[in-house]
Amino acid sequence: MTDSLVLVINSGSSSLKYQLVDTATGAAVASGLVERIGEADGIIAHTVDGETIEHRGPIADHAEGLRLAFDMFERTGHGLTSAGVAAVGHRVVHGGNVFYEPTLITDDVVAEISRLSTLAPLHNPPNVVGIESARALLPQVPHVAVFDTAFFHGLPAAASTYAIDIDVAKRHGVRRYGFHGTSHDFVSSRVAEFLGRDRADFNQIVLHLGNGASASAIERGKAIDTSMGLTPLEGLVMGTRSGDIDPGIVLHLRRSAELDVDAIDELLNRRSGLKGLSGVNDFRELQGLIDAGDEGAKLAYDVYIHRLRRYIGAYLIELGGADVITFTAGVGENSPGVRADALAGLTRFGIAVDPDRNTAKSREARVISPDGAEVTVLVVPTNEELAIARAAIRTSSSA
């Protein structure tokens, strides 16, 4: 058995992403995406050595999707059984107050993750389905759950506590949990490595900007605040999620529009954010609409930037100033305009973006602030799959 190969699985409600990671080199040996599970027009796109092969047809459930993905590995010469997989790492969105470090999966752990679905009804149930399907296909291999909430488990009480009846909050697990923790942990560590510094010696703001988006304030290596809360709905404006709203809006929609809980959930999670304001949630499409003079798209962009700047400002105050501000994830890594607009006009705080560095094409970690700037501004690609794979190896090896 190769002791460095880890299969990483991220299971959604009707899709499943996977990647075979060599933790010794950090390289993805193969990766794939299973989409439209449960539909007649299912598709698997499997990529290895830079080439993608597809399977199209009905995919009844996650178990069949994984089985077909395993067949893809066999067809491309990377059979998971013959190659030997040291561990399987599963991304699990919500660990509640129970799980705050990578955890070897047992039947009891699966049951507890399922119980926590009340805190993440859109995410934990498909995570459980993916775990059960993978355990059935690879029963002899250790499976490890890596939780999105783990990095933020130790938030200070002032940051994690909501100002509602304390007994109600305790009874129902209401607190700020934070999400994208695997990415924030990975990127903040990568920043320290890139700069040749100890993570405990400086303060950072990390901006994970993708279709889902979150910000974190990291004081000397420890997260002290983050934008997402009880659920991934709070915080920044996202592709389809509203981010922060007056909670009274929910009550108003219930009373005035007579929307039930599920309808409001659908509205705020899937029909809000950039999509709700402009009709699109892809930043490239949004930019195209802006260039064409679409006022709704321009408003969506302005709201997005306004909210982002509010969080940056708040975290600068919480940290007493930041040494490093880092952009990561799809939008953060690929949108020079967002980076420039998010930090515009902040030179009096020692924050500036060099136009040439910011617009230079690169997939590597890089500095985009001017030489001599008081605050270093970086773009650092995230790699949640590698982080999950490494956590799975460590956990399975020590079990």
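With a 1.4 Å probe and all protein chains kept in place, how do R67, R171, R339 rank by accessible area, largest first? Walk me through the intermediate numbers first.
Numbers: R67 105, R171 160, R339 5 Å².
The ordering from most to least exposed comes out as R171, R67, R339.
Roughly how compact is the range 1-40, stated as its Cα Rg over 2.2 N^0.38 Å to two decimals?
Values: Rg = 12.4 Å, N = 40, 2.2 N^0.38 = 8.9 Å.
Cα Rg divided by the expected 2.2 N^0.38 Å: 1.39.
Considering just Cα atoms, how many Å³ per residue does the convex hull of the range 98-239 enclose?
Numbers: hull volume 18.4 nm³, N = 142.
In the range 98-239, the Cα convex hull volume per residue is 130 Å³.
Give or take rounding to whole Å, what are the principal axis extents of the alpha carbon atoms in the range 183-274, in descending order?
That works out to 56, 20, 15 Å along the principal axes.
For the range 15-67, rounded, prolate or oblate, judged on the Cα gyration tensor with a ≥ b ≥ c (square roots of eigenvalues), a/c < 1.5 rounded, else prolate if a/b > b/c? Walk me through the numbers on the way to the answer.
On the way: a/c = 3.80, a/b = 2.03, b/c = 1.87.
Verdict is prolate for the range 15-67.
What is the chain's relative contact order, in percent, from Cα pairs under 8 angstrom and six or more apart in sequence?
Details: 795 pairs, mean separation 58.2, N = 399.
Reported relative contact order: 15 percent.
Per residue, what volume in Å³ does the convex hull of the Cα atoms of the range 1-119 enclose? Write out the running numbers ahead of the final one.
Details: hull volume 13.8 nm³, N = 119.
It comes to 116 Å³ per residue, whole-number rounded.
Among T81, T47, what's the order by accessible area (1.4 angstrom probe), most exposed first? Mind dumping the intermediate values first?
Numbers: T81 115, T47 45 Å².
Putting T81, T47 in descending order of accessible area: T81, T47.
Starting from the Cα gyration tensor of the range 138-185, take the square roots of the eigenvalues, sort them a ≥ b ≥ c, and report rounded, prolate or oblate (rounded when a/c is under 1.5, otherwise prolate if a/b is larger than b/c, else oblate).
oblate
At a 1.4 Å probe radius, which order do H153, H252 fall into by accessible area, largest first? Before the final figure, lay out each step's value.
Values: H153 60, H252 110 Å².
From most accessible down to least: H252, H153.
With +1 on each Lys and Arg Cβ and -1 on each Asp and Glu Cβ, and nothing else charged, work out how big the dipole of the chain is about its Cα centre, in Debye to the nearest 20.
Value, rounded to 20: 540 debye.
So how compact is the range 223-369: Cα radius of gyration and Dmax in angstrom?
Spelled out, the Cα radius of gyration and Dmax of the range 223-369 are 17.0, 52 Å.
HN-Hα J couplings of the range 160-171 from phi, Karplus 6.51/-1.76/1.60, θ = phi - 60°, integer Hz, Gly and Pro as x?
8, 9, 8, 7, 10, 3, 5, 5, 4, 4, 5, 5
Is the C-alpha gyration tensor of the chain telling us rounded, prolate or oblate? Criteria: a/c under 1.5 is rounded; beyond that, a/b larger than b/c is prolate, otherwise oblate. Numbers along the way, then the final one.
On the way: a/c = 1.40, a/b = 1.25, b/c = 1.12.
It is rounded, given that a/c, with a ≥ b ≥ c, falls under 1.5.
Report the relative contact order of the range 343-383, percent, no decimals, based on alpha-carbon pairs under 8 angstrom and at least 6 residues apart.
35 percent
Quick check: residue separation of S114 and S398 times 0.36 nm, minus the Cα distance between them. What number comes out in nm? Don't skip to the end; give the middle numbers.
On the way: separation 284, 0.36 × 284 = 102.24 nm, distance 2.50 nm.
Length gained between S114 and S398: 99.7 nm.
Just from the alpha-carbon atoms, what are the Rg and Dmax of the range 77-129 in angstroms?
13.4, 42
At 1.4 Å probe size, with the rest of the protein present, what percent of the exposed accessible area of the chain is carbon and sulfur atoms? Before the final figure, lay out the partial values.
Working: 9150 of 18460 Å².
Percent of accessible area from carbon and sulfur atoms in the chain: 50.
If you plug each phi of the range 348-359 into the Karplus form 6.51 cos²θ - 1.76 cosθ + 1.60 with θ = phi - 60°, what whole-Hz ³J(HN,Hα) values come out, in order, with x for Gly and Pro?
Once θ is set to phi - 60°, the couplings for the range 348-359 become 5, 9, x, 10, 8, 10, 7, x, 5, 5, 5, 8 Hz.
Pairs of Cα atoms under 8 Å, at least six residues apart: use those to get the relative contact order of the range 219-305, whole percent.
Working: 90 pairs, mean separation 22.5, N = 87.
This gives 26 percent for the range 219-305.
Measuring from the lowest to the highest alpha carbon on each principal axis, how far does the range 268-333 reach, largest first, in angstroms?
40, 24, 21 Å, listed from the longest principal axis down.
Hey, if you drop one equal point scatterer on each alpha-carbon of the range 224-291 and run the Debye formula without solvent, what base-10 log of I(q)/I(0) do you get at q = 0.15, 0.21 Å⁻¹?
Reported log10 I(q)/I(0), two decimals: -0.54, -0.88.
Out of residues 5 or more away from A87 or on other chains, whose amide H comes under 5 Å of its own, with H placed 1.01 Å from N in the peptide plane?
Correct list: L7.
Taking 1 over the mean of 1/r across every pair of different Cα atoms in the range 161-315, what Kirkwood radius in Å do you get? Please list the in-between numbers first.
Details: mean 1/r = 0.0584 Å⁻¹.
One decimal place: 17.1 Å for the Kirkwood radius.
Across the range 321-331, in residue order, what do the Karplus-derived ³J(HN,Hα) couplings come to in whole Hz, using 6.51 cos²θ - 1.76 cosθ + 1.60 with θ = phi - 60° and x for Gly and Pro?
Karplus-based 3J(HN,Hα) across the range 321-331 equals x, 10, 8, 9, 10, 10, 9, 8, 6, x, 6 Hz.
Kirkwood Rh, the range 333-399, all Cα pairs: how many Å? Mind dumping the intermediate values first?
Values: mean 1/r = 0.0720 Å⁻¹.
After inverting the pairwise mean of 1/r, the radius is 13.9 Å.
Report P(r) for the range 322-361: all Cα-Cα distances, bin width 10 Å, range 0 to the bin holding the largest distance, values in whole percent.
Distribution as computed: 28, 59, 13 percent.
The values are calculated or read from the model by the stated rules, or taken from the named source; none is laboratory data. Because the structure is a prediction, the values reported are computed rather than measured. Cβ atoms come from the backbone with ideal geometry, glycine included; neighbour counts cover every protein chain shown. Just the protein is used for accessible areas: all its heavy atoms, side chains included, with ligands, DNA and RNA removed. Shrake-Rupley method; radii C 1.70, N 1.55, O 1.52, S 1.80 Å.
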